[in-house]
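Note sheet for the following structure.
The values are calculated or read from the model by the stated rules, or taken from the named source; none is laboratory data. All of these numbers come straight from a predicted model, not from anything done at the bench. Here Cβ is always computed from backbone atoms with ideal geometry, including for glycine, and neighbour counts include all displayed protein chains. All accessible areas refer to the heavy atoms of the entire protein, side chains included, with ligands and DNA or RNA removed. Shrake-Rupley method; radii C 1.70, N 1.55, O 1.52, S 1.80 Å.
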Amino acid sequence: MNAIGSRHRHESRPRTGAGNGSRVVALILLICISAPARSSNGLNAPGNGTVQLGMAGAGTAMAEDASATLRNPAAGAWLSNSRSFDLGVAIPDGGFRASELGGNAPFGLLDLAPAQSTSVTGFFPVPSFARNWRINDQFAAGWGLTASGLATESGGSTATLARGVPAFEARCNGSFGGGQPLSASTDLLNLCGRSQDKLGVGLMQVLISGHGAYRISPTLSVGMAPVVALQLLKTKGLGAFAAFSNEPDRVTDNGNDFSYGGGIRVGLLWEAMPSVGVGFAYQSRLYTTEFNQYRGTIIGGSLDFAPTINVGLQILVAPEQRLLFDIEHIAYSGIRPLANTVDPQRFTDTCFVPRLIGRSLPNPQPLDGCLGSPNGPGFGWQSVTVYKFGYQGRSGRLSYRAGYSFGGNPVRSDQALPVAFAPAITDQHASVGLSWRWPQRLSVNWALIYSVANRVSITNALSNATPTVLQDGTLLGFRVDEDPDDQVIDAYLSVWQSQFGLAWTFD
């Protein structure tokens, strides 16, 4: 018995044949066409493969099957010739509710209709695949694929822009005003989006990696995996924000846009003593090309993957009884489209009011505070550090698992509009899992993970504005400080995800 996997994984004879995974890849890419949503820490999945999900994502220091290489490429040196295929179904439930305005709020720049609006719902497939070849006693190589993403949609609501400002006020269909005006007299300056009234974003991300692992000694291995990243993005219902973007025709409702890029993943796996295993994995920032159709929304046009560090510890507390502890740090704060906040006063002074006043002027000049600008609004995410605890036991052919994690909510506490648009606010995960080894070289795996329902209440400072005037009475701007008459956005999200997997070894 060792401290890295449940049983010695390098007993089968090495082989160099590559096999044929084309049909598996075709199946996974077909599944990925659906807009994805899953248990996640922001955009990152809690774990890779059914085994890790059964322990709430713990497992950086464990090499149970080929899916372990999707996080820690060094795991390949501890595994025999093997494959794993995992497919889950995620069922999210989330949305937001906007409160009534206070009695002393005659002016507002953007307020949402006081109503319940569902923005995350449906059934979404979650696939992954991994393949490991043992070249000899020291070397292993392989490849793998994972898919994840985010899908939100809300409709049946309305929004009001420039409320109380004569000749400017616009009342529009759509949660963010992206649809038609409620009547011709409520949008004299064409502020409504006059397009999609359903608000939403669909982001699909696929990572394809090829790993190489080398066993330096009987107790230590290192690994490296070049990573290719593919992304598909679609936004809708943001038409009312076109007037407040530096590229108004590249904000929303432009269909699917494709992006690609890549980076590197490295790892280390060390059996520090017969009962203790240590794992380390680092995935660099994955640089990606621009979403050309959405440069007016996404800062710089590209949405890179945040760098991630995983450190794991595994302790063999008794024969066939293991405790695992992982720490994962995801550096969202270094990705400008995700990290930039919506500062209500800055957005008002440097974009909203100037564009509102110059609405009738042709070819408006780019403004530093508008959407698409390097210093413009983003999702308001911060870096997160996630703590994961896992347990695995074994009795004969049956393995059983449980896990818990916390610390995964990246959304800052003052970002009302981003959280209504994409409420990626899950913070805690609880999970259970089972595996049945039958026959000897085949494992049938199952995991159930629950993203514990999380609710946040954030003030929409743009909903209540105080006019600022010059001495001669000329309107100069608006002050949007938080006060008791502001609207409050209550957002919530929970996700159930059930995942099944097959893992098998062969000569």
What 222 nm value per residue comes from the helices of the chain, counting each DSSP H run with n ≥ 4 as -39,500 (n - 2.57) and dividing by all residues, nearest 500 deg cm²/dmol?
-> -1500 deg cm²/dmol
Please find the FRET efficiency linking residue 476 to residue 375, where r is the Cβ-Cβ separation and R0 is fixed at 25 Å, and quote it to the nearest 0.05.
-> 0.65
Might you report the magnitude of the Cβ-based charge dipole of segment 52-100 about its Cα centre, with Lys and Arg at +1 and Asp and Glu at -1, to the nearest 20 debye?
-> 140 debye
Kindly identify segment 49-88 as rounded, prolate or oblate by the Cα gyration tensor criterion: order the square roots of the eigenvalues as a ≥ b ≥ c, call it rounded if a/c is under 1.5, otherwise compare a/b with b/c, prolate if a/b is larger, else oblate.
-> oblate
Heavy-atom accessible area per residue, segment 359-507, 1.4 Å probe: how many Å²?
-> 45 Å²
Determine which lysines satisfy two conditions relative to residue 198: a Cα distance under 25 Å, and not lying fewer than 8 residues away in the same chain.
-> 234, 236
For segment 261-297 and segment 352-398, what is the separation of their C-alpha centers, rounded to whole Å?
-> 20 Å
Neighbour count of at most 12 Cβ within 10 Å plus DSSP loop: longest GluC sites (Glu not before Pro)-free window in the chain | 101-481
Kirkwood Rh and Cα Rg combined as Rg over Rh, evaluated for the chain | 1.05
Gain upon complete extension [residue 345, residue 485; 0.36 nm per residue less C-alpha separation] | 48.8 nm
So, relative contact order of segment 82-145 in percent, Cα under 8 Å, 6 or more apart, is 42 percent
For the chain, with only Lys/Arg (+1) and Asp/Glu (-1) charged at the beta-carbon, what is the dipole magnitude about the Cα centre, in debye rounded to 20?
-> 2120 debye
Considering amide H positions built from the backbone, and no H for Pro or chain starts, which residues 5 or more places from residue 177, or on another chain, come under 5 Å of its amide H?
-> 159
Report the semi-axes of the equivalent ellipsoid for segment 48-149 in whole Å, largest first, where each axis is √(5λ) for an eigenvalue λ of the Cα gyration tensor.
-> 47, 13, 11
Grab the eigenvalues of the alpha-carbon gyration tensor for segment 325-429, scale each by 5, take roots, and send me the semi-axes largest first in whole angstrom.
-> 44, 11, 11
Cα long-axis angle, helix 22-31 against the chain (0 to 90 degrees, to the nearest 10) = 30 degrees
Calculate one ³J(HN,Hα) per residue across segment 363-368 by plugging θ = phi - 60° into the Karplus curve 6.51 cos²θ - 1.76 cosθ + 1.60, and present them in order as whole Hz with x for glycine and proline.
-> 6, x, 6, x, 10, 5
Using a probe of 1.4 angstrom, how much of the accessible area of the chain is carbon and sulfur, in percent?
-> 59 percent
For segment 395-490, what is the relative contact order in percent, using Cα pairs closer than 8 Å and at least 6 residues apart in sequence?
-> 24 percent
